[in-house]
1. Go ahead and set up a Gaussian network model of the chain, Cα springs under 10 Å, then flag whichever of V204, V22, V228 fluctuates most.
2. Of K53/K390; K60/K411; K86/K158, which pairs sit farther than 24 Å apart, going by alpha carbon to alpha carbon?
3. Compare F77, F270, F159 in a GNM of the chain, Cα atoms joined below 10 Å, and give the one with the largest fluctuation.
4. As I understand it, the value is the acute angle between the Cα axis of helix 378-387 and the longest principal axis of the Cα atoms of the chain; what does it come to in degrees, rounded to 10?
5. Looking at the chain as a GNM with Cα springs under 10 Å, which of R369, R102, R32 has the largest mean-square fluctuation?
6. Among the DSSP beta bridges whose two residues both lie in the chain, what percent are antiparallel, rounded to the nearest 5?
7. How would you classify the chain from its alpha-carbon gyration tensor, with a ≥ b ≥ c the square roots of the eigenvalues: rounded for a/c under 1.5, else prolate if a/b is greater than b/c, otherwise oblate?
8. Could you work out how far helix 329-340 tilts from the main Cα principal axis of the chain, as a 0 to 90 degree angle to the nearest 10?
Amino acid sequence: MSTHLKSLAITPPDRPLVGRVVVPGSKSITNRALLLAALAQGTSRLTGALKSKDTALMAKALIQMGVSVEEPDATSFVVTSDGTLKAPVAPLMLGNAGTATRFLTAAVSLVEGQVIVDGDDAMRKRPIGPLVDALRSLGIDATSETGCPPVMINGTGKFGSGRVEIDGGLSSQYVSALLMAAPFGEGPIEVALTGKDLDARGYVNLTLAAMRAFGADVAQVDEMTWRVQPTGYRATDFHIEPDASAATYIWAAEVLTGGRIDIGVPMAAFTQPDAEAAKFISMFPHLPAVIDGSQMQDAVPTLAVLAAFNTTPVRFVGIANLRVKECDRITALSTELNRIVPGLAREEGDDLLVFSDPLLMELSARNARTRIETYEDHRIAMSFALAALKIGGISILDPNCVGKTFPDYWKVLKSLGVTLT
C-alpha cells in the first residue's frame with residue numbers, strides 16, 4: 001500500500017466473510033523478547049515475531065546500543081549480544097511506541113554513560129513520571145522535565161538493590177519495565193505496587209513468563225510484590241504467539257458478517273489478556289450491559305464498535321487509561337461513532353456508553369458519507385473498519401497507521417473479499 005495514501009473507502013461485502021488468514025505475532029511479546037534477548041549473553045532466535053513499526057523501533061534502538069539484530073525471514077529475529085548495552089551516540093527516537101519507550105527507559109539504566117529516550121510529539125504527551133520516580137528511588141540518575149519523554153538517564157551499569165515501589169494504576173508497562181531490568185540489581189530487588197490495583201495485570205504476567213524463559217529467577221511474594229534475584233539473562237530460542245489484539249478484529253469481522261474465518265489458532269490458546277475479548281465477541285449480538293475493559297484495554301475499541309450493532313446498549317468501565325494511549329481513545333471512539341450516527345455514543349466520566357441502533361444496518365442502503373478520523377492510532381483505524389463491513393460510505397483516514405502493529409491488515413481484509421478503494 002502506498003505510503004502516501006490519505007484515505008481508504010470500504011465497501012460492505014454482500015456475503016459472509018469466509019477464509020483463512022494469518023494474524024501477526026504479538027507486539028507485546030515481541031518487544032519483551034527483543035529486549036530480554038539483548039540483555040542476554042549469546043544468540044537468541046525469536047520466531048513468530050511481529051515485524052511492524054513498533055518492533056522496528058525497538059530493534060533499531062538495540063542496534064544503536066551495540067546489539068546485533070538480524071532478520072532472516074519475515075517472522076524471525078536473531079539477536080546476538082554480550083549481555084550489555086552500550087551508550088548510543090544519539091538519542092533513542094522511539095516514535096509513539098509505548099512498550100519500547102517504557103521498557104528502554106528502565107533498561108538503559110544499565111548503560112555506562114548518558115542515554116536520552118525520546119519519541120514523537122504524541123509520545124512527548126504520554127506520562128512516564130512514575131517510572132522515572134521509581135528509578136530515582138533505586139539511586140539511578142533519571143530526569144524528565146515534563147513528566148513525559150524525553151527522559152535522560154546517566155547510567156552506571158548498575159540497577160541498585162532493595163525495594164522499589166511503583167503505582168501501576170496508570171500503566172502496567174512501568175511495572176514490566178522495572179521487572180525486566182531487575183535481574184541486573186546489585187542484590188535482590190523487590191518490585192512492589194502501590195495503589196489499589198494494577199492496570200492490565202495480564203501484561204505483567206506476560207512479562208514474568210518471558211523473563212523466566214530467559215532464565216530469570218522471579219517469585220511473587222504477595223498479590224502486590226515480586227522479588228527478582230540478580231541472575232541476569234541467558235540466551236534462548238523463543239517462540240512468539242499470534243497477537244490477540246489483532247485477532248479481535250478478525251473475530252469481530254466473522255460475527256458481524258456471519259462468516260467463518262480461520263486464523264489457525266483457537267481462541268482458548270492465547271495467553272495474552274486481550275484474548276478475554278473473545279468471550280464477549282462470541283456473545284454478539286447479545287453483549288452484556290456492562291463490560292469491564294480494565295484487563296483487555298487494547299480490545300476495547302473492537303468491542304465498542306461491535307457494541308454499536310448490539311441489540312442493547314453497552315457501557316464500558318475500567319477504561320480510564322485509554323485516555324493516555326496513542327490518542328485519547330475514549331474520546332476518539334465516542335467522536336467517531338457519533339460521526340456515523342449522532343447520539344450513538346456518549347462519554348460519562350471515564351466510561352463509554354455505546355447505544356445500539358436498530359437502524360444502523362440501513363445506512364448501507366443510504367450510503368452515508370463518513371470519513372473516520374484515526375488520530376494516528378492504529379486501533380481506531382482497524383476497529384472502525386469493522387463498522388464499514390456493515391455500513392456503506394465509510395472511509396478511513398490515514399490508513400497506513402495500522403503499520404504500527406498490523407501492517408497487512410488491509411491485505412487481510414482484501415483476501416477475505418472486502419473491496420477497498
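The numbers here are math on the coordinates, done by the rules we state, and not lab data. Remember, predicted model here, so these are calculated numbers, not experimental data. Virtual Cβ from ideal backbone geometry, glycine too; neighbours counted across all protein chains shown.
1. Answer for the Gaussian network model of the chain: V22.
2. Going by Cα-Cα distance, K53/K390; K60/K411 fall outside the 24 Å limit.
3. Sorting by GNM fluctuation, first place goes to F270.
4. 20
5. So, out of R369, R102, R32, the one fluctuating most is R369.
6. Restricted to the chain, the bridges split so that about 65 percent are antiparallel.
7. Prolate is the answer for the chain, as a/c is 1.5 or above and a/b outweighs b/c.
8. Long axis of 329-340 versus the principal axis of the chain: about 20 degrees.
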